[in-house]
1. Can you tell me what the convex hull of the Cα atoms of the chain projects to on average, as an area in nm²?
2. Loop only per DSSP, at most 16 neighbouring Cβ atoms within 10 Å: give me the trypsin sites (Lys or Arg not before Pro) in the range 192-275, ordered by residue number.
3. Hand me the chymotrypsin sites (Phe, Trp or Tyr not before Pro) from the range 129-231 located in a DSSP loop with no more than 14 other Cβ atoms within 10 Å, in residue order please.
4. Per Stokes-Einstein, at 4 °C and 1.567 mPa s, what whole-number D in µm² s⁻¹ belongs to the range 27-66, with the Kirkwood radius over Cα pairs as the hydrodynamic radius?
5. For q = 0.23 Å⁻¹, what log10 I(q)/I(0) does the range 89-210 give under the Debye formula with an equal point scatterer on each alpha carbon and no solvent?
6. Report the GluC sites (Glu not before Pro) located in the range 78-179 that are in a DSSP loop and have at most 13 other Cβ atoms inside 10 Å of their Cβ, or state none.
7. Report the residue, chosen from G153, G117, G264, that carries the largest GNM mean-square fluctuation when the chain is represented by alpha-carbon nodes joined by springs under 10 Å.
8. Kindly give the semi-axes, whole Å and largest first, of the ellipsoid equivalent to the range 12-169, taking each as the square root of 5 times a Cα gyration tensor eigenvalue.
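What follows is calculated from the coordinates using simple rules that are stated; it is not laboratory data. Because the structure is a prediction, the values reported are computed rather than measured. Here the Cβ positions follow ideal geometry from the backbone for every residue, glycine too, while neighbour counts run over all protein chains shown.
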Amino acid sequence: MAKRVLLCSPAYFDVVDQKNPYMADRLPVDREKAERQWLALRTALEQAGCEVETIAPVAGLEDMVFAANQVFVGFHDGIGKFIVPSRMVHNSRQREVPFYVDWYRQRGYKILEVDLGNEHLEGHGDLLWHPDWSRIYAGYGFRSTQAGVEKFGDAMSKLGIPVIPLHLIDPCCYHLDTCLCPLNNQAALIYPGAFAGASLVTLRAYWKRVYELTAEEAHKFMCNGIVANGRYLTPYITPHLESILSQEGLAPVVLDTSEFEKSGGSLFCMKAFLP
C-alpha cells in the first residue's frame, strides 16, 4: 500500500533565531538551494511509491517546512483518523499550529485537544509510532515536557494506545526523531548517548534488534531518515549505516539537506506520514 505523506514548501524558510545548537552560527539560507533539496525529497518519496500532499507555506513562519512537528497524526478503529495539536516551545513555531490543524480538519480528521496547560508537546518530533501502530514512543526533556508527555499518554490510554516516555539528555538530539528511527516492527536505529540510562533500558526492551549509531552519525541526522517502501532516505551514509540497512533489507537513498540542517532539521522533520 502506498504511503501518503504531507510536505510544506520551503518558500519562506530561514534561520531567524537560535532554537537549538545547530543554529548557533546563524548561517544564511540559500533559498534556491533549499528549494532544490526539498524538490529532491519530494521526488524521492514519489519514486518510493508515496503519494505526496502539500500544505501552503505562510509568510513569516520560517520553520513551517518542518511538517512533522505541528500535530501528532494517528488512526484508531473507534474514531478513525485523528490529530493531537502541539503546544510548541517557541512562539514562532506555535503560530504554525493553527494552519496545520485547519488543513487536517478540512480533510476529515478528528481533532483531539489535550489540555496541556503550560506544558509542551511537539508532534512527531517527539512522538513516534511503532511501525505496526501498537504503541507510541514519546521523548521529553528539551522540547516536549515530561508532564506534557504524561497528559498525552493519559489521552491515548483512553484509546487503548500505550505511550512509552523516554528522557532525552543530548542537546543536539533535542527531538526523539534525531535519535530513534524505527526500521520495521522488530528493528530500530538509535543513538544511545541521547537517552537517560533508565530510558535506554526501557527502549531496548521493545525491539528484537537495536542498531547503535555513533554520536557523529547521529549529529549528522542519520537517525532522522525516512523509511519508505524498502528504502531509507538519509542525508549522509557511512559504511556502518550502510551495513545496518543491508541487514534489514533497506536500500539507502542519500539526499542533501544541508540548508535545512542550518536550522537543526533534516528529512524526517520535513514530512508527516498520513494514515
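1. 13.0 nm²
2. K208
3. W133
4. It comes out at roughly 111 µm²/s.
5. Calculated log10 I(q)/I(0) at the listed q: -1.44.
6. Values: sites: E96, E113, E119, E122, E150; in loops: E96, E113, E119, E122.
Counting only loop positions with at most 13 other Cβ atoms within 10 Å, the GluC sites (Glu not before Pro) in the range 78-179 are E113.
7. Ranking G153, G117, G264 by mean-square fluctuation puts G117 first.
8. Taking √(5λ) for each Cα gyration eigenvalue gives 27, 20, 15 Å.
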